[in-house]
1. Return the total of residues in region 5-17 being at pLDDT below 95 and not in a helix (DSSP H, G or I).
2. For region 98-138, what are the residues that are under 17 Å from Val16 (Cα atoms) and assigned to a loop (DSSP other than H, G, I, E, B)?
3. Looking only at residues in region 68-97 that are closer than 13 Å to Leu117 by Cβ and assigned to a helix (DSSP H, G or I), which one is farthest from the chain's Cα centre (by Cα)?
4. Working only within region 18-37, note down all residues that are loosely packed, with under 15 Cβ neighbours inside 10 Å and either in a helix (DSSP H, G or I) or of a type in the set (A, V, I, L, M) (or both).
5. Scanning region 91-125 for residues that are surrounded by fewer than 16 Cβ atoms within 10 Å (Cβ to Cβ) and either touching a strand residue (DSSP E or B) at 6+ places or on another chain (Cβ under 7 Å) or hydroxyl-bearing (Ser, Thr, Tyr) (or both), which turns out farthest from Gly73 (Cα to Cα)?
6. Does region 38-88 hold any residues that are surrounded by 19 or more Cβ atoms within 10 Å (Cβ to Cβ), among the aliphatic types (A, V, I, L, M) and touching a residue at least 60 places away in the same chain (Cβ under 8 Å), and which are they?
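The values are calculated or read from the model by the stated rules, or taken from the named source; none is laboratory data. What you see is a predicted model; the values in this text were computed from it and never measured. Every residue, glycine as well, gets a Cβ built from its backbone with ideal geometry; the counts of neighbours run over all protein chains shown.
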Amino acid sequence: MSEQQMVEDVFVREFVHHSKKRRVQEALRNKKGREKFRAKLFHFSDFDKRWMQMIEPAKQNSKDVLELLKMNGAGSSCHLISAWTNLDGACWDLKQTLNTIIGYYPGTIVICSPSNLAYFEGEMKCDRYILLKRKGKF
């Protein structure tokens, strides 16, 4: 199993609703399944709601999201799962990633720590979430 697959498997295990975990993990492991999964990311609704924290509208910008992620333990790099081919599977600098995707690349999951912390950029402004496995600082 590649490092990318390990990161994605852990992320899915921790943040996707239990009834969908296996299906999502299997989809991400093969090209055809991954393409179908990525197409659904614009309106992805299978996260475990317990770990989703909506970002207030005034803080839905790259500077504030970066600050929220850093306050909750994010490092300087991240892994992406995205509906956008040019982003999917990439490992980038976190600040660069947020500057690039927020408001421009919906359907993107930014994994900061696969077992603890991620960010989801949905299609609508109300679909921007921090995914956090513990009580965070907001």
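1. Final tally of qualifying residues: 0.
2. Gly107, Pro114, Ser115, Asn116, Gly122, Asp127, Lys133, Arg134
3. Restricting to residues being closer than 13 Å to Leu117 by Cβ and assigned to a helix (DSSP H, G or I), the top hit is Met71.
4. Within region 18-37, Arg22, Arg23, Glu26, Lys31, Lys32, Glu35, Lys36 qualify.
5. Restricting to residues being surrounded by fewer than 16 Cβ atoms within 10 Å (Cβ to Cβ) and either touching a strand residue (DSSP E or B) at 6+ places or on another chain (Cβ under 7 Å) or hydroxyl-bearing (Ser, Thr, Tyr) (or both), the top hit is Tyr104.
6. Of everything in region 38-88, those that are surrounded by 19 or more Cβ atoms within 10 Å (Cβ to Cβ), among the aliphatic types (A, V, I, L, M) and touching a residue at least 60 places away in the same chain (Cβ under 8 Å) turn out to be Leu41, Ile55, Val65, Leu68, Leu69, Ile81.
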